[in-house]
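Since the structure comes first, as structure tokens, the remarks are kept for the end.
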Ligand code: FES
Ligand code: FES
């Protein structure tokens, strides 16, 4: 059992902490935190999973997207205590020790990475799409990523990356 205490510069006096259990990237984590702690802060500061990026803190950009029981959520808009008893997947949980996830491969193959800041959230939203729809259209991909902003340039290569991953996953399934 791992107990992680949230790091704060100045702990708020008199605010009782809550103990929560969250499975993060397959590992059960027991955490003590203030009820007001955001899930994004728990992940980044508490668990040191800094692949979850913070772009706006106001639910607009999607850089902080993680999966909660397989569904994309914006972790800057959720309290850590709301994840109690649930499974969270961050970008660190996509690859295995030896292999990238097909979505990650797709971003590499089709140059979906530009500055990379939005990329973790894009990848997790894409994984959720491909988990529920193995053969999405370009329009489906654009709709699934509509909550994730990339400020660099266009979205063309990002969409191509997701379609590449979809094709790879389908061919892997056919080979099984
Ligand atoms: S940091 Fe969460 S939506 Fe932008
Ligand atoms: S790659 Fe730069 S914001 Fe998306």
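Read-outs throughout are calculated quantities, based only on the coordinates presented, and are distinct from any laboratory measurement. Quick caveat: nothing in here was measured; it's all calculated off a predicted structure. Backbone-built Cβ (ideal geometry, glycine too); neighbour counts: all protein chains shown.
Values as computed for the structure displayed
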| read-out | value |
| --- | --- |
| Selection within the range 54-96 - assigned to a loop (DSSP other than H, G, I, E, B), away from ligand 2 (no atom under 16 Å from the Cβ) and touching a residue at least 60 places away in the same chain (Cβ under 8 Å) | 70, 84, 85, 86, 90 |
| Number of the exception - residue 78 against (1) buried (at least 22 other Cβ atoms within 10 Å of the Cβ); (2) within 13 Å of ligand 1 (Cβ to nearest atom); (3) closer than 23 Å to residue 19 by Cβ | (1) |
| Unique residue being over 26 Å from residue 143 (Cα atoms) and part of a loop (DSSP other than H, G, I, E, B) when the list is 19, 36 | 36 |
| Members of the range 132-146 found to be surrounded by fewer than 12 Cβ atoms within 10 Å (Cβ to Cβ), part of a loop (DSSP other than H, G, I, E, B) and away from ligand 2 (no atom under 16 Å from the Cβ), listed by number | 135, 137 |
| Test: residue 121 is touching a helix residue (DSSP H, G or I) at 6+ places or on another chain (Cβ under 9 Å), assigned to a loop (DSSP other than H, G, I, E, B) and within 16 Å of ligand 2 (Cβ to nearest atom) | no |
| Matching residues in the range 103-130 - criterion: being over 19 Å from residue 52 (Cβ atoms) and within 15 Å of the chain's Cα centre (by Cα) | 130 |
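One line per residue, one yes/no per condition, for (1) in a loop (DSSP other than H, G, I, E, B); (2) in contact with a helix residue (DSSP H, G or I) (Cβ under 8 Å, 6 or more places away or on another chain):
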site	(1), (2)
29	no, no
43	no, yes
52	yes, yes
98	yes, no
113	yes, yes
130	no, yes
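Table: residues versus (1) away from ligand 1 (no atom under 15 Å from the Cβ); (2) closer than 21 Å to residue 92 by Cα.
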{"position": "131", "(1), (2)": "yes, yes"}
{"position": "139", "(1), (2)": "yes, no"}
{"position": "151", "(1), (2)": "no, no"}
{"position": "157", "(1), (2)": "yes, no"}
{"position": "166", "(1), (2)": "yes, yes"}
{"position": "172", "(1), (2)": "yes, no"}
{"position": "176", "(1), (2)": "yes, no"}
